[in-house]
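Chemist: Structure incoming, see below.
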Amino acid sequence: KVTFEGHKVLRIVPKDEVQLSLIKDLEEMMEFELDFWRGLTTVSNPVDVRVPSHVLNSVKDYLETQNIEYSTMIEDLQILLDMEQKVMAGARVP
Amino acid sequence: QPQNTDSFDFANYHTLEEIYSFQDLLVAENPNFVSKIVIGQSYEGRPLNVLKFSTGGTNRPAIWIDTGIHSREWVTQASGLWFAKKIVTDYGTDPTLTAILSQLDIFLEIATNPDGYAFTHSSNRMWRKTRKPNPGSSCVGVDPNRNWDAGFGEPGASSSPCSETYRGPSANSESEVKSIVDFVKSHANIKAFISIHSYSQMLMYPYGYKTTPTNDAAELHKVAQKAVSDLTSLYGTKYTYGSIIDTIYQASGGSIDWTYNQGIKYSYTFELRDTGQYGFLLPATQIIPTAQETWLALMTIMDHTLKNPY
């Protein structure tokens, strides 16, 4: 089973067209193995992206170097997944 | 396993087997109203089940609703289950739904991408695509919402099998898509087609693959406005609405662009609720509120379809 320990979901809000374009570049960097949960639309609309733990620092460096603001939407994806499983299993107990 | 659909737990997420069992129970409980049609098989051989809600007649004009074409969007399949039960409980008591069903049939496909959904339970909760291997690539699956014959291959989808938006080798290459295409064409009397996704709180109409507005854009916009207003009235959930390309981004090969081009005027797609905290992992406690608010918007679209025959 694929697990997601340490994967974070970042919420990035592009503040202008330049940042929009820089985030688009990020989207196209296949080596980061990013998973865009909520894709790029327009300025001010949030972009949510799952970032694997092994590229987290590189992605953060990229965003910070470009002055792109972001916040952490999900701190550790696996913790939420484990909770989801627990709730589902609990619901099956008569 | 619940013995009847009244004891089914709509406030939790369910496996594919539980969804299939629910469908069979609902049909068994309502033999003169609900039937199950198998419109095809998924790549891995699972049945593509569609529930038909009909009060009679032959090939009546119909409304299509699908959920779960992107398998990881679990709140959509869960909402589909709730909608199915809602149709059964409200028919005969809710005058608007009763009027709709007196003239129109409703088709509901709850698990539109069953292989993907099973895979989200067994192996990778974050899986979005189908599960068909791609020759020459180690990456599996096609984005079934980039595989329709509407602007297929144009910008707004990927040609890379490893991308989450991989369009596939050709339009309708995925049996999950082709089965709906064949069904819609053979039925030939579908008047509204509503495809449900999550998450970013949007209600959209064609087009996604081009900027040209549809001939019906003004009417579609007005209906979307009313639908969103009704949705928001329940819990205050804020939605945006408009054409796909204006509201979200360019997306080619999408379902409702194809259905609109087939002459199905009331073609809409939803992106359901997002709390800004959970994404695809919306807590189960939010399933029912999400389904309830979405139902209000669905009713608006279905009622408009009833009152504006074409």
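Chemist: I'd like the residue in the range B:147-200 that is over 26 Å from B:E44 (Cβ atoms) and of a type in the set (S, T, N, Q) and, out of all such residues, is farthest from the other protein chains (Cβ to nearest Cβ).
Modeler: My answer is B:N189.
Chemist: Now, a different point. Give the residue, chosen from B:F8, B:F107, B:F22, that is in contact with a His (Cβ under 9 Å, 6 or more places away or on another chain) and farther than 26 Å from B:K178 by Cβ.
Modeler: Of B:F8, B:F107, B:F22, the one residue that is in contact with a His (Cβ under 9 Å, 6 or more places away or on another chain) and farther than 26 Å from B:K178 by Cβ is B:F8.
Chemist: On the basis of being touching a His at 6+ places or on another chain (Cβ under 8 Å) and on the phi > 0 side of the Ramachandran plot, does B:G276 make the cut?
Modeler: For B:G276, the condition - touching a His at 6+ places or on another chain (Cβ under 8 Å) and on the phi > 0 side of the Ramachandran plot - is not met.
Chemist: Condition first: touching a residue at least 40 places away in the same chain (Cβ under 8 Å), in a helix (DSSP H, G or I) and aliphatic (A, V, I, L, M). Can you find one or more residues in the range B:26-47 that meet it?
Modeler: yes
Chemist: Just the residues that are β-branched (V, I, T) and over 29 Å from B:Q250 (Cα atoms), please, taken from the range A:35-94.
Modeler: Hits for the range A:35-94 are A:I79, A:V87, A:V93.
Chemist: Let me ask another. Does any residue of the range B:157-164 turn out to be at pLDDT below 95 and closer than 18 Å to B:G68 by Cα?
Modeler: yes
For (1) within 15 Å of the chain's Cα centre (by Cα); (2) farther than 30 Å from A:G90 by Cβ, each residue gets a yes or a no:
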position	(1), (2)
B:T214	no, yes
B:A218	no, yes
B:A224	no, yes
B:G242	no, yes
B:A284	no, no
B:T290	yes, no
B:A297	yes, yes
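Chemist: Right, next: Condition test on A:F32, is it aromatic (F, W, Y) and over 16 Å from B:Q250 (Cα atoms)?
Modeler: So A:F32 passes the test.
Chemist: In the range B:261-293, which residues are of a type in the set (D, E, K, R) and more than 14 Å from chain A (Cβ to nearest Cβ)?
Modeler: Hits for the range B:261-293 are B:K265, B:E293.
Chemist: Could you run through the range B:255-290 and say how many residues are small (G, A, S), modelled with pLDDT of 95 or more and surrounded by fewer than 24 Cβ atoms within 10 Å (Cβ to Cβ)?
Modeler: The qualifying residues number 2.
Chemist: For the range B:70-138, which helices (runs of 4 or more DSSP H) that fit wholly inside it have 2 or more residues that are at pLDDT 95 or above and under 27 Å from B:Y199 (Cα atoms)?
Modeler: Fully inside the range B:70-138 and qualifying: B:74-90, B:114-122.
The values are calculated or read from the model by the stated rules, or taken from the named source; none is laboratory data. It should be emphasised that the depicted structure is a prediction, and the values quoted were computed from it without experimental measurement. Every residue, glycine among them, receives a Cβ derived from its backbone with ideal geometry; neighbour counts consider all protein chains shown.
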